[in-house]
Each structure stands twice: as structure tokens, then as C-alpha cells.
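Enquirer: Dropping a structure here in C-alpha cells format, bear with me for questions.
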Amino acid sequence: MLKRGSVKRKLREEEQQAIGAIYKQYIDTFQESSEIPRKTFVKSDTLYAEQGKQNCEKGQLYNPKPIIKFKKEDAVQRTRIPSPAPGRKHNKKKSNLKSLGDELKMLQRERQVKEIKLVLPKVESSPMSIGQENDYSSSTNLFVSNLSPHITESHLIHLFGTYGPLASVKIMWPRNELNCRTANCGFVAFMSRTDAERALIGLKNYEHMRINWGKSVKIPAHPVHIPPELYKLYSPPPPSGLPFNAQTYDRETKPAPEFDDKLLPNAVIKVTIPFDRNLLMIIHRMIEFVVREGPEFEATIMNVEAENPDFNFLSEFQTPAHTYYRWKLYSILNGDPKNSWSMKPFRMYKNGSIWVPPTAPNYREGMPKELISPNRKENANLSETQTNRLIYLIKNLTISRSSIANVMVFCVNHSNAIGDVLEILVDSFKNPATNPVKKTARLYLLSDILYNCRTKQIRTDLNEANSEIFFDIFKQFHRTYKEFTHTQDKDCFKMKVFMVLRAWAFHNLYELKFITKLENVFLHGNEVGEDDDNSLNDEPLDGANLLKRSFQTATTDCLIVTKKHSQQFFDIFNPCNNFGSKSKKESGTK
């Protein structure tokens, strides 16, 4: 017996042989040298025969002809059409996924076209469309450069956040350690143009930080940072224990009154909008369903979502969120629009408290004027009264610490006008008749102001680029130094000036090379450190030249030598340590 596998194999071979015979017969039919006679088509009648001809070709071979006649030009153009490449594959049928993707792309393209049609008329009508890329007149974005790598976004928020609500804060950090820079840059966007201008003026004197206008950015609906003063304005009042957190007294000055029937009618319920955007969205969605479905829907949600903290505003009646929910529902039911409402106080219940509608925070209008602190005002100049006060303090300044501290208090309180303060102080050095003690005290004050400005990162005009200001000051000190007749006075004055210069070098206020130039100006009157009178130093000093120079520079005081009594030294910096003639006589008598 044959096995099942061999039977199947034999049947498969017979089937293949039969198929091969049929295929060979099919091929031989269409070949010229085929043994099988070629089949032909014989026509009986011809449809759509040409005019003037009859069916005289009956019984002959059928030779089809085109019904529509083409012109020769069309035939030439048809021949010019390139035939497809023989090895080129036919386009495959698109899959369902690819057709779906093409459909989505087409819908997205149509949506973009609709948006462009809606936006274009508004852009063309606005006056800011021309040159909007380079126009910063309406920008609220500040470009901050030359930032230290240790400064983060929190530092910028703390620094710029006092001027108004911030829309965004971003520092352009390097992508990796290889691209680390010595200074970074960033952007600080305000919600209001007024706040941005005030911040630009108030922070322009900060050292190691350059601020300028940047390109306009999209302002979000809610700021990323709200100043504490503005947050307090829109925040709810403290808990009072009364229904809907009604306020009837001042908690800071008066004690809590006892509850009676006349307490609630005189109380005021202040409604505030929650700062939590998710909670606010849930409240608005809840109000939509309650208005449509009725109070039964509210009761159902209170039972079903009893353990959900997002719906606690429905059951906690003294929270600010419940107060806002109850007022917003009452406002919608009385016909007020969603985004606007009446600000008139009202009573929601008979003999109940007075409800005060909330004030919608408009962060794009900027900080209210009453919330701007005095040290953040736009004016950066001293008034006439303040200028006279500073001049009086400088004129009566001494080298004592208390006197210098009093003037420093004035300078700290008017740090926004530090330019005017330094200008007045520099002018006080220009009078050559000023007492050397007062000059030294003013130099101490100048040193303290420069050190505090460096610590607080306040930019000043007294830097190495404006070295002529320092050279003029120390030239005045050089003249005073040359006018001293006693060596002790010179040494004491020189020591005090050098102490200030050493302090500048110790605290890295200026470079050591620049401080050396100031020392040369103080001692010699120029930056090089050589006296101006030594014009004959270059000639050879032989005996003849020495004798000649001695006769040229000789005077009667030098030639006539007389014995004079030594003058008593008077310490101008410490008058208490002086030894006058009276004390000398008393010591002699003793």
C-alpha cells in the first residue's frame, strides 16, 4: 500500500503536468509557427459604418477602426507622451491608516486657512502691523543680560516681582557643561506695560545686570507671580465664624462682638474670586449644571462626591470658595452675563448680611498707584528740599563715625537717586579752600557709598571709565598735601588718604593699577609718579652744572642763615592732643 504522503505527491505531479499542457496550448495559439490553427474573428455586420459605404465586407476579417477621428496635432502630442519605464512598479493602493492621515492633514490645512482668513483683516486694520517685529513701544518683555551663573529664576522673580505681576520669567541656561558661560541672559515679561517701564527705570542702576526692551510675547490670562500687596488686595478676609464669613468688626483693633439678632444685618460679606484655576473651573461647571438641572442635581453631587476634596466648596459654608459659588449662582440666575456683573451691594436673604460682589483682577492695567511703595516711584532725582538737606549734611560733616552714619542714612533712603547724591558729593571736593579735615571726612563718605553700591549691585557713574572724576578729586588732595608746612600734618593726612585707597584695593572696588595711579596723583600730581618740576633731570650733573643750578635757584632766605625758634606743631585732625603755649608754660612752671 502506498503511503498517504506519496499519494498526495503523485496527485500533485499529475496536476502540474495537466496545467503545463494547458499553458503550452495557450502559448502555441498566439504564435505564428504554431501547429494549432489560429482562430480568427469573422464579422457579420459593421456598426456605425462610414458614410457612402455599405456592408460589402461581409464574410471578411474584422478590422476595427476608431469611431472618433483625431487630428494630426493630437496624434503627435499623443506620441510625445513618454511611456512608463518597463521596470517601474505600479502605485500600490493606499492603506487605511495612510488615507486617514491624509484626510487629517487636509482637515488641518482647511482649518489653518480659515484661521488666516479670520485673522488677516484684524492685522491689516491695526496700526502696529507695519514694522511690528522691530517695534518695542507696546512690549512688556524685558531682556536681562550679563547675569551671574548663580542667579536663578527665583532671584529674578523676587527682584522684578515687586514692580507688578509677572507673565513669565525665563533664563537661557546653557545646554551642557561645555557651553557654560561666565554670564547668562534671560527674559522677564510683565502683565502691564506700566509695570515694565517702572521696573526698567528702577533697576537701571543695578551692576552686573543690563536691562533693555525685548520683543513682544503672548501675555497669559493669569500671571505666574503676583506681588504680595496685590495678592492681599484680592485675597479673602480672615475667618470670622459667621455664615459666609461675614465681617462685622476690625479684628486688629476691636474684640469679637457677641452674636445677636442685629449682628448679621449689619455684617458685610466680601466675595473674592479663587486664585486656584482648577477650582474656579469646577465651580463654573457646577453652576452650569445646577442652572439647567435644578437644586436636585446639587444635592446629588453633594451626596456622591462627599469624600472628594474638589467638591468641598458645596458643604463648607464659611470658605471663600463656597461664598463665591453661592454668589455666582445667584448672579447667573438673575440674568447677569458670565464675564460681567453688577457691582452694587445687595441682600441675598431677608434680614441677612450685605453681599459685596468681587472685583475682577485686571492684571494688564498694572499695579494700583496706592500699592506702589515710595522707594519704587519713577522719579530718580532729588527734590529741591532733599538737595538742600544733603548739602547741609555734607557741609557739617566730620570724621566721626556718627556724623558719617547720619549722612549714610540719608543716602540709603534715597538710593534711587544715587546719581544726584554722588554728583553733589563730588562737587564738594572742588573748593580749594575747604578744611582738610572736612575733605578727609567727605572722602570717607565717598568710600562708604561706593562700597554699599557695590554690595547692593547699584550701578554708578564713578567707575574706571570715568577716571577723570577721581583724578580731579585727588589733584585737590595733592594741593592740600603740598600746602602743609609741618611734616607731622603731611604724614597724618597721607596716612588717612592711603587707608582709603588700601580699603578700595582690599574690597576689589577698583583694579590695583588704577589705585596706583590715584596714589601717584595724590603724591606727585600726575599719573606717572614724577614731579613736574624735575625738567632738568635729564642733563648730566657734573660740578659746573651743580654750581650753576645753585646760583639760579638761590634766594635771599637761603643765603642769609638766621637761627629761628622752632614752631609748635598743631594736630588738625586731633585737636584734643595739641600742646599749646599755655600748656607749655604751665609745664615749665611746674
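Enquirer: If His222 meets every condition in (1) open to solvent by 70 Å² or more (accessible area, probe 1.4 Å); (2) part of a loop (DSSP other than H, G, I, E, B); (3) closer than 25 Å to Asn362 by Cβ; (4) not β-branched (Val, Ile, Thr) apart from one, which number is that one?
Expert: (1)
Enquirer: Mind telling me which of the residues Leu462, Leu512, Leu446 ends up being among the aliphatic types (A, V, I, L, M), surrounded by 19 or more Cβ atoms within 10 Å (Cβ to Cβ) and without any contact (Cβ under 8 Å) to a residue 40 or more places away in the chain?
Expert: Sole residue among the options that is among the aliphatic types (A, V, I, L, M), surrounded by 19 or more Cβ atoms within 10 Å (Cβ to Cβ) and without any contact (Cβ under 8 Å) to a residue 40 or more places away in the chain: Leu446.
Enquirer: Does at least one position in segment 410-423 carry a residue that is modelled with pLDDT under 85 and hydroxyl-bearing (Ser, Thr, Tyr)?
Expert: Yes; the residues of segment 410-423 include at least one that is modelled with pLDDT under 85 and hydroxyl-bearing (Ser, Thr, Tyr).
Enquirer: Quick one: what pairs do we get from segment 476-488, first residue of a type in the set (Val, Ile, Thr), second loosely packed, with under 11 Cβ neighbours inside 10 Å, C-beta under 8 Å, 6+ apart or different chains?
Expert: Pairs found: Thr480/Pro432.
Enquirer: Let me ask another. Report yes if Lys105 is closer than 17 Å to Val217 by Cα, modelled with pLDDT of 85 or more and among the charged types (D, E, K, R), otherwise no.
Expert: For Lys105, the condition - closer than 17 Å to Val217 by Cα, modelled with pLDDT of 85 or more and among the charged types (D, E, K, R) - is not met.
Enquirer: How many of the residues in segment 225-236 are part of a helix (DSSP H, G or I), out of contact with any Ser or Thr (no Cβ under 8 Å at 6 or more places or on another chain) and open to solvent by less than 70 Å² (accessible area, probe 1.4 Å)?
Expert: Count: 1.
Enquirer: So, one more: Output the residues belonging to segment 181-219 that are outside any strand (DSSP E or B) and of a type in the set (Ser, Thr, Tyr).
Expert: Matches in segment 181-219: Thr182, Ser192, Thr194, Ser216.
Enquirer: Could I ask something else about it? Could you pull out the residue among Thr398, Thr385 that is open to solvent by 60 Å² or more (accessible area, probe 1.4 Å), under 24 Å from Lys482 (Cα atoms) and of a type in the set (Val, Ile, Thr)?
Expert: Matching residue, one of Thr398, Thr385: Thr398.
Enquirer: Same structure again: All but one of (1) among the charged types (D, E, K, R); (2) within 37 Å of the chain's Cα centre (by Cα); (3) at pLDDT 90 or above hold for Arg326; which doesn't?
Expert: If we test Arg326 against (1) among the charged types (D, E, K, R); (2) within 37 Å of the chain's Cα centre (by Cα); (3) at pLDDT 90 or above, just (2) comes out false.
Enquirer: Checking the structure you have, find out if any residue of segment 184-196 is over 30 Å from Leu462 (Cβ atoms), in contact (Cβ under 8 Å) with a residue 60 or more places away in the chain, open to solvent by 40 Å² or more (accessible area, probe 1.4 Å) and out of contact with any Leu (no Cβ under 9 Å at 6 or more places or on another chain).
Expert: Yes: segment 184-196 contains one or more residues that are over 30 Å from Leu462 (Cβ atoms), in contact (Cβ under 8 Å) with a residue 60 or more places away in the chain, open to solvent by 40 Å² or more (accessible area, probe 1.4 Å) and out of contact with any Leu (no Cβ under 9 Å at 6 or more places or on another chain).
Enquirer: Then there's this: How about segment 161-184: which of its residues are closer than 20 Å to Tyr206 by Cβ and at pLDDT below 90? Spell out how you get there, then give the answer.
Expert: The initial filter retains those residues of segment 161-184 that are closer than 20 Å to Tyr206 by Cβ, namely 161-164, 166, 169-172, 181-184.
Within segment 161-184, Gly161, Thr162, Tyr163, Gly164, Met172, Arg181, Thr182, Ala183, Asn184 meet the criteria.
Enquirer: Has segment 264-272 got at least one residue that is outside any helix (DSSP H, G or I), open to solvent by 40 Å² or more (accessible area, probe 1.4 Å), farther than 30 Å from Ser168 by Cβ and modelled with pLDDT under 85?
Expert: Among the residues of segment 264-272, at least one is outside any helix (DSSP H, G or I), open to solvent by 40 Å² or more (accessible area, probe 1.4 Å), farther than 30 Å from Ser168 by Cβ and modelled with pLDDT under 85, which makes the answer yes.
The values are calculated or read from the model by the stated rules, or taken from the named source; none is laboratory data. All values derive from a computational prediction rather than experimental measurement. All Cβ positions, even for glycine, are placed from backbone atoms using ideal geometry, and neighbour counts span all protein chains on display. Keep in mind that these areas ignore ligands, DNA and RNA; they rest on the heavy atoms of the full protein, side chains included. Shrake-Rupley method; radii C 1.70, N 1.55, O 1.52, S 1.80 Å.
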